Amino acid sequence: LLYFTKGEPAQFTRPKIPIQKCRHCKLPIRDYGGYKAFVAKGVNLSDIWDDLSPVRHKHKKTRQANELPPTLLERVMQISGHPHGIVVDPFAGSGASLVAALGSGMHFVANDREPSYYRLMVKRLTHGARIRKKGNDT
């Protein structure tokens, strides 16, 4: 991912992610030494995101080709987006970026040349809007 801006960015927030823990013993994988108090709420997201992988499991995929994990796009919106901002995605594919924008309270403009992907985008956005509306009602 590349982030370009003309002048100072209007929004650039570096999020914190939870410290990695062993799946067996639940202890931190890395030793933070005397800095454990500083990482209790999470560590700053680095330039290399090694905690994410492409969506490959059938039950989580929405299309045949590999797609980006939702967490990746949620982070992008958290870093550079702001409520009521605009996301432009000319190659929207399955619409993962649009779902992340919808979850962040952003507007979007999107396109894809494949009619099947367009239908998939509409389906995902309709489902996401229903979930979001239901969450606001409770």
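The values are calculated or read from the model by the stated rules, or taken from the named source; none is laboratory data. Predicted model, so just to flag it, every value in this text is computed and none were measured. Virtual Cβ from ideal backbone geometry, glycine too; neighbours counted across all protein chains shown. Surface areas here come from the heavy atoms of the whole protein model, side chains and all, with no ligands, DNA or RNA. Shrake-Rupley method; radii C 1.70, N 1.55, O 1.52, S 1.80 Å.
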**Item:** Subset of segment 1-39 (residues that are part of a loop (DSSP other than H, G, I, E, B), in contact with a strand residue (DSSP E or B) (Cβ under 7 Å, 6 or more places away or on another chain) and basic (Lys, Arg))
**Value:** Arg14
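Does Asp47 satisfy being in contact with a helix residue (DSSP H, G or I) (Cβ under 6 Å, 6 or more places away or on another chain) and either within 23 Å of Thr5 (Cα to Cα) or at pLDDT 75 or above (or both)?
Spelling it out, it is not the case that Asp47 is in contact with a helix residue (DSSP H, G or I) (Cβ under 6 Å, 6 or more places away or on another chain) and either within 23 Å of Thr5 (Cα to Cα) or at pLDDT 75 or above (or both).
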**Message:** Return the residues of segment 15-28 that are surrounded by 10 or more Cβ atoms within 10 Å (Cβ to Cβ) and out of contact with any Leu (no Cβ under 6 Å at 6 or more places or on another chain); say none if nothing qualifies.
**Reply:** Lys16, Pro18, Ile19, Gln20, Lys21, Pro28
**Asked** Looking at Gly128, Gly95, which one is touching a Leu at 6+ places or on another chain (Cβ under 9 Å), of a type outside the set (A, V, I, L, M, F, W, C), surrounded by 10 or more Cβ atoms within 10 Å (Cβ to Cβ) and modelled with pLDDT of 85 or more?
**Response** Gly95
**Prompt:** Any idea which of (1) open to solvent by 70 Å² or more (accessible area, probe 1.4 Å); (2) in contact with a Phe, Trp or Tyr (Cβ under 9 Å, 6 or more places away or on another chain); (3) at pLDDT 85 or above; (4) not hydroxyl-bearing (Ser, Thr, Tyr) is the one Pro83 doesn't satisfy?
**Reply:** (2)
**Item:** Pair list, Cβ under 6 Å, 6 or more apart: segment 15-26 residue farther than 11 Å from Asn44 by Cβ, other residue open to solvent by less than 100 Å² (accessible area, probe 1.4 Å) and of a type in the set (Gly, Ala, Ser)
**Value:** Pro18/Gly42
**Message:** Quick check on Ala101: is it among the small types (Gly, Ala, Ser), in contact with a Phe, Trp or Tyr (Cβ under 7 Å, 6 or more places away or on another chain) and modelled with pLDDT of 90 or more?
**Reply:** yes
